[in-house]
Amino acid sequence: MSAAMDTESTYSGYSHYSGHSKKAHRQGRDRHKSPRSKDGSRSEKSVTIQTPPAEPLLGNDASRAEEGQDDNWGETTTAITGTSEHSISQEDIARISKDLEDSVGLDCKRYLGLTVAAVLGLLVFLTPIAFILLPQILWRDDLEPCGTVCEGLFISVAFKLLILLIGTWALFFRQPKADLPRVFVFRALLLVLIFLFVFSYWLFYGVRILDSKDTNYQGIVQYAVSLVDALLFIHYLAIVLLELRQLQPMFTVKVVRSTDGESRYYSLGHLSIQRAALVVLENYYRDFTVYNPALLTASKSRAAKHMAGLKVYNVDGNNASGQSRAMIAAAARRRDSSHNELYYEEADHERRVKKRRARLVVAVEEAFTHIKRLQAEEQQKAPGEMMDPREAAQAIFPSMARALQKYLRTTRQQQYHSMESILQHLSFCITNNMTPKAFLERYLNPGPTLQYDRDRWFSKQWTLVSEEAVTSGLQDGIVFVLKCLDFSLVVNVKKIPFIKLSEEFIDPKSHKFVLRLQSETSV
């Protein structure tokens, strides 16, 4: 219990942070000093309002609040307590209603497609069985005896239907990964083809067999077998169109994040634009580092500081265009000295990061030295001192919390690592006998987006912007954009060039050499 209380008191700055002005700090301290009881505890009326953890990314307000904070803002910031009042505007109501309508429409479209596919699949599997059973039910006495031949055909139909059922389950019945804006063209064509094929078989069966009450039962069974064989060939066609066709790389796409310019290259096959966008998003969450808007505030604050230092005085009543030209000229004169400021800012930031990284590494290594895994015989000697991984993590975390907190603030990663997530990671490392270096890998090297908590980065809605139809295939030179709330991904498609290789034969007997001796050599 004491270790947990020390952990919460040491790491209080993680969950509560805000960028208030000095006046707000003084007012917060004067207004929210809660009376203390005799045992030193706070009053029960004090309520802390925390930042909602459900937002996927920090907005501009959080970025602006981050600019004016020094390294010790966790020790000086006042947490606002008391009663909170929430308000919502008409724009927010309209946006929420639009999101609800879009989600309802997507759900209806998804379930409608699944329902049509399920009904059609059920019809396909019941049709051969119905072809065989209907003559036995309607005119059983008039049928010609079939014998061993029909029994062999029954076994063939049963095993073929089983194979078709397993293949259909493996190919079509999968958990959907995304809701695409348009239908998948090849899948829709296959469904139409299967429907027309089964309908034509039923039409022929009704006209030639049911109406005439054909007595050749062996021919009827062979008719059902031919239907199953044709369905197996259609399933093979579906594998070729849906799976094999896109495996051969034909295009190279360059994906650029619009905010910081981070880019990756991927190879894609014959895909439509919407399916290529889905592949890009899957690779984005795996390969791109997490989007951190706090890293973009330095350049914005620097530009704002330069523009704030420029003052234009209108003495003789000139128009605004003269003022703008004067500001541009003044900014051009100051441009020569701005690179020096940038150089020294980056050098100072790198020095601080290296210094706090060294402190963090030393603190974590010292904390891990206090943990020792007990063997089976040692557990019997000291049963009162044993702790589970969670308790051990809470016991050693206070010794490294301050160094880790300062490092994450310096590198602007604190919004992606809560105290609970760090404790879970520390407990995981202790359970699996991982070294301090393995524990620090998550914090020293910003990892891919999937590494962090889903609520911190996940964007629920992506918008595909393309000049071409999203159901059309990829072509050389196509550019489309994937937009979310805070940034966008610009995708440029290039076709892989045709490569021509030529062969040159080298005779192994041609590898002959002669040693040329001279009088000056030592040989």
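Points worth noting:
- Calculated FRET value between residue 185 and residue 402, using beta carbons and R₀ = 56 Å, to 0.05: 0.45
- Remark: the stretch 107-244 projects, on average over all directions, an area of 9.3 nm² (convex hull of Cα atoms).
- Taking 7 Å steps out from each Cα toward its Cβ at residue 437 and residue 137 produces label points 7.2 nm apart.
- Panel values: the stretch 404-510, Kirkwood radius from alpha carbon pairs, Stokes-Einstein at 4 °C and 1.567 mPa s, translational diffusion coefficient 68 µm²/s.
- For residue 222, neighbours were defined as the other residues whose beta-carbon sits under 14 Å from its Cβ, and their charges (Lys and Arg +1, Asp and Glu -1) total -2.
- Judged by the ratio a/c of the largest to the smallest principal axis of the C-alpha gyration tensor, the stretch 163-286 counts as prolate, that ratio being 1.5 or greater while a/b is larger than b/c.
- Per-residue SASA remark: residue 490, around 60 Å² accessible (1.4 Å probe; ligands, DNA and RNA not included).
- For the residues 498, 288, 505, a 1.4 Å probe over the protein chains yields an accessible-area ranking, largest first, of 498, 505, 288.
- By accessible area with a 1.4 Å probe, ligands and nucleic acids excluded, highest first: order of 157, 207: 207, 157
- Net charge contributed by nearby residues that have their C-beta within less than 14 Å of residue 495 (K/R +1, D/E -1): +1
- Amide proton proximity set for residue 413, modelled H, under 5 Å, gap of 5+: none
- Electrostatic tally near residue 362: other residues with Cβ closer than 12 Å to its Cβ, Lys and Arg +1, Asp and Glu -1, net +2.
The values are calculated or read from the model by the stated rules, or taken from the named source; none is laboratory data. Keep in mind that this is a model prediction, so the values were computed, not measured. Note that each Cβ is placed from the backbone with ideal geometry, even for glycine, and that neighbours are counted across all protein chains shown. Each accessible area value is taken on the protein alone, full model and side chains, heavy atoms only, with ligands, DNA and RNA left out. Shrake-Rupley method; radii C 1.70, N 1.55, O 1.52, S 1.80 Å.
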